[in-house]
Each structure stands twice: as C-alpha cells, then as structure tokens.
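Structure incoming, see below.
The values are calculated or read from the model by the stated rules, or taken from the named source; none is laboratory data. Note that this is a predicted model, so its numbers are computed, not measured. Don't worry about glycine lacking a Cβ; one is built from the backbone with ideal geometry, like all the others, and counts go over all protein chains shown. SASA here: full protein model, heavy atoms, side chains in, ligands and nucleic acids out. Shrake-Rupley method; radii C 1.70, N 1.55, O 1.52, S 1.80 Å.
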Protein chains: 2
Amino acid sequence: MTESITGQAGQPPTEAVVELLGMLGYGELLAFERMAADARLAPDLHRRAVLCEMAAAEIGSYRRLAARLTELGADPEQAMQPYVSPLQAYHDRTEPRDWLEALTKAYVGDSVADDFTREVAAFLGVRDRELVREVLHDSRYAEFAAAEIRSEIDADPKLANRLSIWARRLVGEGLSQAQWVAAARPALATLILTGAADREGVPALLKRLTQAHGARMTAVGLNN
Amino acid sequence: MTESITGQAGQPPTEAVVELLGMLGYGELLAFERMAADARLAPDLHRRAVLCEMAAAEIGSYRRLAARLTELGADPEQAMQPYVSPLQAYHDRTEPRDWLEALTKAYVGDSVADDFTREVAAFLGVRDRELVREVLHDSRYAEFAAAEIRSEIDADPKLANRLSIWARRLVGEGLSQAQWVAAARPALATLILTGAADREGVPALLKRLTQAHGARMTAVGLNN
C-alpha cells in the first residue's frame, strides 16, 4: 500500500508522462516488428506461429498507449518520434544472426526493459501506473525464450559462452542508448530521478535491476 | 440462395478441405510477416503503426484456421508445410524495393488471392464456407493501399508505368506458383475443378478473377 503516496497531489507533470508513454508506445511497435522478423528465423512452423501470435499481442498494448497519449492531449506520433533514432541504433547494432541470438535478445532485453518500466510505473498517478503495468511484455515470450535457450545449452554446452558474450553486448548497447535518452528527455529523466530519490534512491533501483538480470542469466545457463 | 446446393450430402472430402485451410493458414502467417516487414518501409510513424495494426489482425484469422484444422483431425503445421516452399518462392521473387512496391504488392496480390478464396469458399460445406469468408484479408488494408497508390500517382504520373510493370510481374509470379500448387495438391485441385464445373466452369471463374483484377488496376491508375 506504499504506492498510495503518489496521490492526486503528487501527480508527475504531464510532459514527463507523455515522454514515458511515447517511449513505451514506440517500444511496443518495435517489439512487434522485431518478433515478426524473428519469426522468420524460427526452425519450424510451430515456433514460427507461436512467435507471430506473441508479436500480434504487442499491438494491443501499443493501441492502448496511443489512446492514452491522445487523451492527454498529445499526438502519439510526435510523442514517439524522439525514440526512433536511439532505439533504431540499438537494434541496428544488435541484429541477431540466428534464432538463438534472437531469443536471447528478447529474453535479456525485454526483461530488463520491463523491470525498469515496472519501477518507473510506481512514480506515476494511479491510472497511468495501471496502464503501464498492463502493457508490459507478455511474459509468455520470456518463458518461451528461456525454455528454448536452456534446452539448446543443455544439448550443446559450448553455446553458453557465445550467448553470454552476446547478452553482455546487448546490455552494453542498451545502457549506452538509455544514457542518450536520459540526456535528451529531461522531463522523463527528472521523473525517474525524483521518483527514485523519494524511495530508496537511484543506486538501490540500479541494484535491483542488476540482480534480477543476473538471476535471469543464471536461470538459463548464461553467465554475466 | 443457390449456395444451399452444397448441402451435407455434397460435402467435399476432408482431405481437400484440410489442403485448402492449410494453404489459407500459411497465407495468413505470411501476410502477417510481410505486412510487419513492410511497416519498416513506411515513410512516417503514423503509416507504420497503421500497417502494424493491420498485420496483427491477420493473426486472429490464422488462429481460427489452425483451430478448425485441429478439429478436422489435422495437424496445422503439417497442413501448412506443403505451401512453405511455393509461397516463399513467390515472396523471394517479388521482394518490394520501396513503400509503393510493397503497397502495390499487397493491393494486387492479396485482392486476387481473396477473390479466388471467395470463389472456392462456395464449393465448401456451410461451416467451412463461413469460416473461409470471415478470414479473408481485412479490406481496410486494400483500401489504405489503394488510396496511397492513387495519391502518389496523381503527384507523379510517371510512377504509373513502373508500378504497372511491377503489378504484371506479381501476377505472373503468382500464377506460376499457383500452377505448382495445383499440380502438387490433387485433392485441392479436384475440389476447385469439380466445384467450378458444377457451376459455370473454370473459364468463367478465371474470367471473373481477371475482370476484377483489371478493374482494381484501373481504379488506382495502373494499366494491365
């Protein structure tokens, strides 16, 4: 019940909320396109169909975020625009070469992004907080990806090394783009810094994110 | 009411229905993947989001076809498998180089495929006939594509020639793969030939398809 401290009075500025929802909305569009592209790497039709179905689910989330942006008086396209270039840069630099790299990217990247989003949701007013939590990636994809990675590593333990290096590269590229976004979007950066400071502070937030990431890596047989 | 002649007694063999639904199911998966890939060619975020949303709708259709295949005692993956190679060949040979080629491909190709599917639906039992008619491509995509093509040709009439050549190539490649499918899937080919013969015959069916295609070309400023 500690969340009730972000009451009506403590609502974050609309500008920051628009920046956050714009980032998440564009993230959904990209996640959709990426899963759809990954589907083509799938080794069989069953896995390919599963991925297509999961990709389609992202569009429902996108639609809800776009509707909320419009309601807040923002143009969804304009709100998403600032994130096109940094997110594109991340994806250009981390183009998976095969099915397992694609799954690892989804498992590692989407999960860190979701953990971060869940933390930031706590800094929002009730309504946006609920919306943001509801549009987090469908955990079925992470579970599906984790099961595939684990079974492939079991079958061929040498894979663990290559995929661990790949995962570290994903995190490094992700952090580099996140810093770019933080510098370019001061309202959003302030929302996060203030929100974290009101609680246990930024270092505690980063520590939680890092620990969860480490636990996920270990769970599928990868190392940090 | 002439459709009632395909009563319970005149039900086509399950084998042929499975071959048809398998083809349509795989077509939906491919249409989804293709629209999702086309979205990346969109000139702005608004058009990109529209395309992603329309792509996602195809997955609902895929799911219904897969469910019906299972109900008929078929494995959806196995039913779709024979179409992977010919449909892939078609798409590999008609990879759009830009946004307008992508839209023309969707407008021309999906519409011919839908007209054909609508004709074949008449040869099925009531239940499958309704399912097949319901999973035809969302006409919003064809309308969206037609409006875009028309306005681009209005702005630059020289485009009409290039896109007309492109459309003819699409039809030629499509027919070539359709012949391959007809030869490899005798139950499906028999369903179509018998169904057409029971009505006005295959030449009349082909004439209707050709006329509708010609009218669509003219409607957006392209020529046959």
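Counting only C-alpha contacts under 8 Å and six or more residues apart, can you give the relative contact order of chain A as a whole percent? Don't jump to the answer; show the numbers that get you there.
Details: 218 pairs, mean separation 57.8, N = 224.
Result for chain A is 26 percent.
When each copy gets a label point 7 Å from Cα toward the beta-carbon at A:Asp154, what are the spacings between them in nm, shortest first?
So the label point of A:Asp154 gives 6.1 nm to the other copies.
Here is a further query. Name the lysines eligible as straight-distance cross-link partners of A:Lys105: C-alpha to C-alpha under 19 Å, and not fewer than 8 places from it in the same chain.
A:Lys158
Sticking with this structure for a sec: So how far apart, in nm, are the two label points at B:Leu72 and A:Arg97 if each is 7 Å from Cα heading toward Cβ?
Distance between the two pseudo-spin positions: 4.2 nm.
So, one more: Taking 7 Å along the Cα-to-C-beta vector as the label spot, tell me the B:Gln11-B:Thr218 distance in nanometres, rounded to one decimal.
Going from the B:Gln11 label point to the B:Thr218 one covers 4.3 nm.
So how tilted is helix A:202-219 from the main axis of chain A? Cα-based, degrees 0 to 90, rounded to 10.
20
So, R0 is 22 Å and r is the distance between the beta-carbons of B:Arg199 and B:Glu130; what FRET efficiency does that work out to, to 0.05? Kindly include the intermediate steps, with their values, before the conclusion.
Values: r = 19 Å, r/R0 = 0.86.
Working from the Cβ atoms, E equals 0.70.
Let me ask another. With a probe of 1.4 Å, find how much accessible area the protein assembly as shown has per residue, and write the answer as a whole number in Å².
Numbers: 20800 Å² over 448 residues.
It amounts to 46 Å² per residue over the protein assembly as shown.
Would you mind giving the total buried accessible surface between chains B and A, with a 1.4 Å probe and ligands, DNA and RNA left out, rounded to the nearest 100 Å²? Spell out each step's value before the answer.
Values: alone 11500 and 11500 Å², together 20800 Å².
The B and A chains share an interface burying roughly 2200 Å².
What FRET efficiency, computed as 1/(1 + (r/R0)^6) with R0 = 45 Å and r the Cβ-Cβ distance, is obtained for B:Ser85 and A:Val84, rounded to the nearest 0.05?
Values: r = 36 Å, r/R0 = 0.80.
The pair B:Ser85/A:Val84 has a calculated efficiency of 0.80.
Separate question: Per residue of B:46-55, count partner chain C-beta atoms within 10 Å of its C-beta, then hand back the mean as an integer. Walk me through the intermediate numbers first.
Values: counts 4, 1, 6, 12, 0, 2, 12, 8, 1, 7.
Other-chain Cβ atoms within 10 Å of each residue's Cβ, averaged: 5.
Measure off, as a whole percent, the carbon and sulfur share of the 1.4 Å-probe accessible area of chain B, all protein chains present.
On the way: 5890 of 10400 Å².
Carbon with sulfur: 57 percent of the solvent-accessible area.
Between beta-carbons, use under 12 Å as the cut-off and find the net charge around B:Ala147, counting Lys and Arg +1, Asp and Glu -1.
Details: positive: B:Arg47, B:Arg140, B:Arg150; negative: B:Glu143, B:Glu148, B:Glu152, B:Asp154.
It works out to a net charge of -1.
Taking the Cα centre of the stretch A:81-224 as the origin and placing charges on Cβ (Lys, Arg +1; Asp, Glu -1), which of A:Phe123, A:Val108, A:His137 is farthest toward the positive end of the dipole?
A:Phe123
Still on this model: If I model a spin label at A:Ala187 and B:Arg140 as a point 7 Å from the Cα along the Cα→Cβ vector, what separation in nanometres do I get?
In this crude label model, A:Ala187 to B:Arg140 measures out at 2.9 nm.
Can you compute the helix-only [θ] at 222 nm over chain B? Use -39500 (n - 2.57) per DSSP H run of at least 4 residues, normalise by all residues, nearest 500 deg cm²/dmol. Write down the numbers at each step before the final one.
Values: 10 runs with 172 residues, N = 224.
That comes out to -26000 deg cm²/dmol.
Bin width 5 Å, origin at 0, all Cα-Cα pairs of the stretch B:1-151: what percent of pairs per bin?
1, 9, 18, 21, 18, 13, 9, 6, 3, 1, 0
Quick one: which bits of the stretch A:76-92 get at least 40 Å² less accessible when the partner protein chains are in, versus the chain alone, with a 1.4 Å probe?
Output list: A:Glu77.
What number in nm² do you get for the protein assembly as shown if you take the convex hull of its Cα atoms and divide its surface by four? Could the numbers behind the result be given before it?
Working: hull surface 99.1 nm².
The Cα convex hull of the protein assembly as shown, projected and averaged over all directions, gives 24.8 nm².
Here's another thing I want to ask about it. Counting Lys and Arg as +1 and Asp and Glu as -1, what is the net charge of the other residues whose Cβ lies under 13 Å from the Cβ of B:Leu136? Walk me through the numbers on the way to the answer.
Values: positive: B:Arg64, B:Arg118, B:Arg129, B:Arg133, B:Arg140; negative: B:Glu28, B:Glu58, B:Asp110, B:Asp114, B:Asp115, B:Glu119, B:Glu130, B:Glu134, B:Asp138.
Neighbourhood net charge equals -4.
Which order do the peptides A:11-22, B:135-146 take when ranked by the mean count of other beta-carbon atoms within 10 Å per residue, highest first? The partial results should precede the final answer.
Details: A:11-22: 20.2, B:135-146: 18.3.
Averaged packing, sorted descending, gives the order A:11-22, B:135-146.
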